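For reference, the structure discussed in these notes is given below.
The values are calculated or read from the model by the stated rules, or taken from the named source; none is laboratory data. What you see is a predicted model, and the numbers here were worked out from it, not measured in a lab. Note that each Cβ is placed from the backbone with ideal geometry, even for glycine, and that neighbours are counted across all protein chains shown.
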Amino acid sequence: MPDPARTAEVWREEARAAGLGELFLGRVESFSKCDPAQIGFDAAIEFAPDWANLGPRLRGGEEALENAGENIERICEEHMLFDYGTLSDTMMAKDTPPWKWMRCVTPSWDNRARRQKDACVFIDSDPDTYRDWLERAIEHTDRRLLGEERIVFVNAWNEWAEGNHLEPDKRFGTAYLEATQKALQNTRRAAAARREGAQGFTSLGGLARELADTRMRLDELQARIDQKERQIEDLLSSTSWRLTAPVRWIKERFFKR
């Protein structure tokens, strides 16, 4: 998009004209990152795998690849291999940006089906490791966002050539779908336990966790306030705002009801 802010404005205008109401626009952080408000969007959506946070590239002869087979040296030369568990840890350890940010996980990734060279492959991905990553993403989201904005994305394109799907397959059957369900159940139980602990004040540890959650949400809200204040300051210092000052004065002086 040559002018994404204008594109977002057009989308919103067309949605209102069609009677759809207000859009909620999220930009995917696939190749770049920025404050979504700068381009007229409401939130940013993490992309998994995050190409800037993949963890160390694996080479032939490493312990992680000792059971990978006799052709592993050639595969490591032709393609880029990483550890799936390290990817999940590295992405969850990222700093939370000051804007509204939604997390994303992927069940696996292996795009050799469409790349003869330099494919990106994450080894040792399995439903249990995926479930653990998803649970952490849900818990992180539950603490930071409010209401209907508590959304976690799963990057599982049904195109198969990326090797990241939730649909049943011959190797794992329905295990990834079941892992998704279990992650939701586990995090819901954990959230309910936190709420019960906060209501009853049965332990200092429960109260401390609730205070930590509240502080994190307050920090998130303060970051949004700071962002809006910066936008207002930018507007007030802009050339267009100064040039239209006489018009605003006339409107205030002669047309105010």
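The table that follows gives values for the structure above.
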read-out: Some residue of the range 103-117 being in contact (Cβ under 8 Å) with a residue 60 or more places away in the chain and in the same structural domain as Thr180 (by TED's automatic domain parsing); value: yes
read-out: Single residue of Leu146, Leu134 found to be of a type outside the set (S, T, N, Q) and touching a residue at least 60 places away in the same chain (Cβ under 8 Å); value: Leu146
read-out: Residue match in the range 148-157 (condition: among the charged types (D, E, K, R), touching a Lys or Arg at 6+ places or on another chain (Cβ under 9 Å) and within 30 Å of Glu63 (Cβ to Cβ)); value: no
read-out: Filter result (aromatic (Phe, Trp, Tyr) and within 21 Å of the chain's Cα centre (by Cα)) within the range 1-33; value: Phe24, Phe31
read-out: In the range 32-48, residue nearest to Glu233 (Cα to Cα) [restricted to those that are in a loop (DSSP other than H, G, I, E, B) and in contact with a Cys (Cβ under 7 Å, 6 or more places away or on another chain)]; value: Phe47
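Residue by residue, here is whether (1) more than 35 Å from the chain's Cα centre (by Cα); (2) modelled with pLDDT of 75 or more; (3) part of a helix (DSSP H, G or I); (4) among the charged types (D, E, K, R) holds:
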| residue | (1), (2), (3), (4) |
| --- | --- |
| Glu210 | no, no, yes, yes |
| Ile225 | no, yes, yes, no |
| Glu229 | no, yes, yes, yes |
| Ile232 | no, yes, yes, no |
| Arg242 | yes, no, yes, yes |
